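*Asks:* Provided herewith is a single structure, encoded as structure tokens, for subsequent inquiry.
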């Protein structure tokens, strides 16, 4: 039998539905792979072996009863630890939630379960999704399967690494400023951020409510679209969920796979061209764009003059919302409590708990956000950042009058070595230079492998108008036909 | 000139209920200063007549019907509590507002 | 300073002009909470009416209750407010254990209803109280303090939190400053809260019970010298009855005047009203002012009430209580003073329904304000909850009108009604009062006995009640001992006007 861990999710779904392989066999193969490699990769914070096998058996039993299986029934999936999973530890990679088992499921988990998908476990991330390297996890770093001495991106480094290392064919990430796409780029995987409101946030532990978007992580575009179809769509429990059907993403991915982009207009953002990207990244992206032209696409340069203010605006809006969202971690209802010695007041215990439970990056952002919302500073910081957000949205709207999609590098640099950007927080923030504008606008964007630089993966970001997620899948799938798949070398690098 | 003083950082820590120690105060003050100088660039944009965006997708009036749905049991509600007593969440003494 | 301290509001107003303002919180009576589908009933076991949303569990999200929005718009319309074309919820950020998210979802600079007014009557004068805003927010949980004196937070060693109340919709109604009320300021405050309570009750959106906390009031008071700018105000909390509203304003006026008379300054602070002493005490002064860091809640989308929807809600508004009271007063032919008694007894609706069931206004008023009010008072319950319904009272009055019950017997019947023994007719039957009500024979026998013994009857009429024994004996004889002696006696006394 072929190694099912190398198969695509679409293939696995088909094989399980046809009975060629059982869901339990597929699940066990992936659990075995995790057992083999995860001590080196450390993509997982928790592996739910029993739950996975139980879920897989249910699919096999349903098939035995003659029930029709969905396209991803029995297909394993890894879940970023920021998604609430009923009865299964959910920590957001923070000490403050150590041991917490939610009494409820996120909406996307209910949909994943209803589709018959098999959750393998919870993946590592930067604490509360704040970071671009997964170095800010309270539970140790995740290593990039391409080079174990380098970061897997962040915040969703665990989900990207799990998929890149064949520990799971699919994973869920969440993207607030690039946390699905940037890890996708640096691990040679596909990371898709749907339109904000296109996938439910109910059960996603909030970092920045107006930006957070759950989405698929996969090794190919069709698989991402299939997962998007499962998790997407209106959720009455999320007020910001768009009451509309999921765009036809699977059909778009299939259409793109024909390799024909005739009539598709692709925009290059002028303001991105001079800035930031390493030469090797810029070169790989140029080649990818040429490939798109060969497939029939037309390339147009567009101007988005306010994009240069996206990063500053983001680092005011996201920390402001986070400072409020993370207030609830106070040691009263769940999670850590420190210093309750019978003498100290609740106020002291709360402060000690939060100081002990939050890592330095989270603390930094809470303080930054508290500052930006303070009376006297609100207008200059938070208020002004929201106006910049309006201008960035206008830039996108103007650009999408000229072109169907925008493309750019996903991130300015390839996977960097551990520790190289942690001493200067702002240097870390630059990793999200190209991904952040889309979050502020709310539209969808996807990172697809575009080539390699210095032996490390480079991603191309494709951005589309809000609720036109199908467009980016079409272009991404077309690019896939022109770029040879990126396969990580056998896991190399230091091992501990 | 520094964008933020050490005292302001200490004030923020109190507002945010973070028991930051003296050494950390210095570190955070330095880091926040760098970040604030960088993000203050939003002020360069002339945006006086620009409306702010709080929600990227323009939805309004998303409302729920007034119909009871099952919630959690007391046991589930208290399942994550660091300390519980008599079906309630126990907390240390609260500084009182009345003198 | 004590020598100059004013003793009356009149003394205060001789030197200062009071400005008052009221912030009232009303818990709405919706079936579910403001932002989740948990039930809102009182009295459940702790933490059994909770879900991930109202417990503030990580990942949970709020969705606004349509019924609460509608109730708030209706309150706003009833208070002559404009309804915002577009507004948002905001987060008010501060740490407190009864607030599951450590922020409260409220409204800040974009309230749902703005700029209205409420006219109230005080001592025959109409005072217009401006309404600044009506907005919607969520209530907090309940905290039980252990180890201190009588459940107070002061001195407690630990606290226990129940989130059943967390997330109940709370409407905040804020007045504009009310100046110029002079010595009537305390009465204006009370009349405003009373009228507001009646309006909200008439809308059917809350039970507005101050003693249960479904209507809470904070009172702002300041004094200024005539012609000078308004003074520094204090905010008095813990004002839990209509009477306390009035007392709190009066006590703050006296206190502030004595401070100012002595050359002191008023501190802008929160004070707590004390029911037992009738005065206010300062709250704990915080080392730094709270900064709530309000910002639009990104988890909730803006509200943009469609004008058509607002018009539909406007069409559901009942007649304003003040207009309705005047109309009923005229219909019932009662004096303004009597109407005030009816209102204060909470009997308007009860009498109205009783009259609608065919009873004369006088009879309806007599029963509700007499016997039933007395019993409600004894039992310590609201008149509406005394156990009798307008249908009961109407039936009772009919029996009296038909001569089947005397007033005295009717009171006995009411006792049975209040005790839950059934309808008046059922009680008449069950308590053996039917001898009075169903036999013309007994009535006839009484009449005959009186006619046959005019001297005795006259004695009884003159107040010698003991003399009635002879008549009772005659009736018992005439009815061959089948009548109830006590009933016969009552009947005789009643007939002779000696009951």
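*Asks:* Of the conditions (1) at pLDDT 95 or above; (2) more than 30 Å from residue C:57 (Cβ to Cβ), residue C:138 satisfies every one except a single condition; which number is it?
*Replies:* Unmet condition: (2).
*Asks:* Of the residues that make up region A:360-372, is at least one part of a helix (DSSP H, G or I), in contact with a helix residue (DSSP H, G or I) (Cβ under 6 Å, 6 or more places away or on another chain) and farther than 25 Å from residue B:42 by Cβ?
*Replies:* For region A:360-372, residues part of a helix (DSSP H, G or I), in contact with a helix residue (DSSP H, G or I) (Cβ under 6 Å, 6 or more places away or on another chain) and farther than 25 Å from residue B:42 by Cβ: absent.
*Asks:* Also, I was wondering about something else. Inspect all residues belonging to region C:252-263 and state whether any of them is farther than 30 Å from residue C:343 by Cα, part of a loop (DSSP other than H, G, I, E, B) and without any contact (Cβ under 8 Å) to a residue 24 or more places away in the chain.
*Replies:* yes
*Asks:* Then there is this: Applying the selection to region B:5-39, what residues are under 20 Å from the mean Cα position of the chain (by Cα), outside any helix (DSSP H, G or I) and more than 7 Å from chain A (Cβ to nearest Cβ)?
*Replies:* Matches in region B:5-39: B:21 only.
*Asks:* Just to be sure, is residue B:26 in contact (Cβ under 8 Å) with a residue 12 or more places away in the chain, surrounded by 16 or more Cβ atoms within 10 Å (Cβ to Cβ) and out of contact with any strand residue (DSSP E or B) (no Cβ under 9 Å at 6 or more places or on another chain)?
*Replies:* Here the answer is no, as residue B:26 does not meet what is asked.
*Asks:* When you scan region A:467-496, how many residues do you find that are within 14 Å of chain B (Cβ to nearest Cβ) and surrounded by fewer than 24 Cβ atoms within 10 Å (Cβ to Cβ)?
*Replies:* The qualifying residues number 2.
*Asks:* When residue B:66 is evaluated against the numbered criteria (1) in a loop (DSSP other than H, G, I, E, B); (2) more than 23 Å from the chain's Cα centre (by Cα); (3) at the interface with chain A (Cβ under 7 Å from one of its Cβ atoms), which criterion, by number, is the only one it fails?
*Replies:* Condition not satisfied by residue B:66: (3).
*Asks:* Would you kindly identify the helices (runs of 4 or more DSSP H) lying entirely within region A:264-341 that contain at least 2 residues that are within 24 Å of residue C:90 (Cα to Cα) and within 14 Å of another protein chain (Cβ to nearest Cβ)?
*Replies:* Hits in region A:264-341: A:310-325.
*Asks:* Now for a different question. Looking at C:157, C:126, can you tell me which residue is modelled with pLDDT under 95, more than 14 Å from chain A (Cβ to nearest Cβ), farther than 30 Å from residue C:37 by Cα and surrounded by fewer than 19 Cβ atoms within 10 Å (Cβ to Cβ)?
*Replies:* Just one listed residue meets the conditions, C:126.
*Asks:* List every residue pair whose Cβ atoms sit under 7 Å apart, with the two residues 6 or more apart in sequence or on different chains, where the first one lies in region A:48-65 and is over 14 Å from residue A:85 (Cβ atoms) and the second, anywhere, is at pLDDT 95 or above and exposed (fewer than 14 other Cβ atoms within 10 Å of the Cβ).
*Replies:* Cβ pairs passing all conditions: A:63/A:19.
*Asks:* Would you mind stating whether residue A:55 is touching a strand residue (DSSP E or B) at 6+ places or on another chain (Cβ under 6 Å), in a helix (DSSP H, G or I) and more than 14 Å from every other protein chain (Cβ to nearest Cβ)?
*Replies:* It is true that residue A:55 is touching a strand residue (DSSP E or B) at 6+ places or on another chain (Cβ under 6 Å), in a helix (DSSP H, G or I) and more than 14 Å from every other protein chain (Cβ to nearest Cβ).
*Asks:* Among (1) within 14 Å of chain B (Cβ to nearest Cβ); (2) surrounded by fewer than 24 Cβ atoms within 10 Å (Cβ to Cβ), which single condition is residue C:36 missing?
*Replies:* All conditions pass for residue C:36, except number (2).
*Asks:* Still on this structure, please answer the following. If I filter region A:60-77 for residues that are within 30 Å of residue A:241 (Cα to Cα), within 21 Å of the chain's Cα centre (by Cα) and part of a helix (DSSP H, G or I), do I get at least one hit?
*Replies:* Scanning region A:60-77 turns up no residue that is within 30 Å of residue A:241 (Cα to Cα), within 21 Å of the chain's Cα centre (by Cα) and part of a helix (DSSP H, G or I).
*Asks:* Could I ask something else about it? In this structure, does residue B:78 turn out to be within 30 Å of residue C:88 (Cα to Cα), within 9 Å of chain A (Cβ to nearest Cβ) and surrounded by 15 or more Cβ atoms within 10 Å (Cβ to Cβ)?
*Replies:* no
*Asks:* A follow-up question, please. Residues C:239, C:249: which one is touching a helix residue (DSSP H, G or I) at 6+ places or on another chain (Cβ under 8 Å), closer than 24 Å to residue C:154 by Cα and in the same structural domain as residue C:22 (by TED's automatic domain parsing)?
*Replies:* When all the criteria are applied, what remains is C:239.
*Asks:* Go through the residues of region A:306-325 one by one and say whether even a single one is under 22 Å from the mean Cα position of the chain (by Cα) and farther than 25 Å from residue C:300 by Cα.
*Replies:* yes
*Asks:* Another one. Sort through B:91, B:42 and tell me the only one that's in contact with a strand residue (DSSP E or B) (Cβ under 9 Å, 6 or more places away or on another chain) and either within 7 Å of chain A (Cβ to nearest Cβ) or at pLDDT 95 or above (or both).
*Replies:* Criteria check complete, one pass: B:91.
*Asks:* Take the residues of region C:280-304 that are more than 10 Å from chain A (Cβ to nearest Cβ), touching a helix residue (DSSP H, G or I) at 6+ places or on another chain (Cβ under 8 Å) and modelled with pLDDT of 90 or more: which is surrounded by the most Cβ atoms within 10 Å (Cβ to Cβ)?
*Replies:* Here the residue is C:280.
*Asks:* In this structure, does residue A:400 turn out to be under 25 Å from residue A:135 (Cα atoms), at pLDDT 95 or above and surrounded by fewer than 24 Cβ atoms within 10 Å (Cβ to Cβ)?
*Replies:* no
The values are calculated or read from the model by the stated rules, or taken from the named source; none is laboratory data. Just so we're clear, the structure is a prediction, and the values are computed from it rather than from any experiment. In this analysis, Cβ positions are derived from the backbone assuming ideal geometry, glycine residues included, and neighbour counts consider all displayed protein chains.
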